[in-house]
Structures are given as structure tokens and as C-alpha cells.
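Heads up, the thing below is written out as C-alpha cells.
None of the figures in this text is laboratory data; all of them are computed from the coordinates on show. Note that the structure is predicted; figures quoted are calculated from it, not measured. Here the Cβ positions follow ideal geometry from the backbone for every residue, glycine too, while neighbour counts run over all protein chains shown.
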Amino acid sequence: MSAAGRGSMLAQPLQRPSAGRAAACLGLFLLGAVTALAGSLVQAGWFPGGLLLALAGSAGLFLGGARALGSRAGAVAPAAGWIVTVIFLTASRPEGDFLFGAGGGSYLFLLGGMAVAVICATLGPGRRPGGDAARLGK
């Protein structure tokens, strides 16, 4: 059956992910949480270089996850873990302790990391229809 006969890729039913793929996404989620915790400590400790190192580490994890799974879910899973952990770490405790200061470096880490997550999820490989080439002239 040709690609035109099957309908668009969006009209195809979703397939259930395998157990290995779900475990990989969970592992990437946890790795994103660990990267966020480490990045939050490094960016404050060595300000200009630590911030760049933390953002580069996050970008490497997001893109690496996308390449490893071959889909955007590989970038979204660690990005979700990163964002949940960073938002959890920004809340102050009843004792008055907090991990992020009110400086510009903390805001650059928060907003820069979220921007890197969106960029890497967009650049990750998406689903491609199988079958014949859909372009004219091929």
C-alpha cells in the first residue's frame, strides 16, 4: 500500500510504548533531576564558568536522550525531570533555607535551562512516516 493510501501520519493510531522504552524514559527523567541538582550547585559555586557548564551539561543530556531514543520523547523526559527538580529547589523551606539566591546567575540558570530544553526538544528527531518517499520528484 502506498503512503497516500494509508492517510496522514497523524491519523494513524498511537502504539503503546514498550517496557524498555518506558524504562528508558523514566531513567532519563531521573537523570534530568540529578543534572538539575548538580547544575544548581555548580552554577552558584563557579559563577560565569559554572553557569555555562551547567547549561552545557543539560543541553548534552537533552540532545543525547533524543539521539538515544530516536524521538523527541528522549529530550522531553530529562527536560521534564530537570524542570520539576529546579522548580522544587526554588521553593524556600519553613526554616528559611533555600538553594537559589536572588542573583542574576540563578535566573539565567532557570530561564536558560528552560530555553535549552525547548530548543533540544524541537531539534530532536520526530516521528517520520514509513514507506515510500512523500516528496515529489523522488
Estimated distance in nm for a label pair at residue 67 and residue 22, the labels positioned 7 Å out from Cα along Cα-to-Cβ = 2.9 nm
Relative contact order of the stretch 32-105 (C-alpha contacts under 8 Å, at least 6 apart) in percent is 34 percent
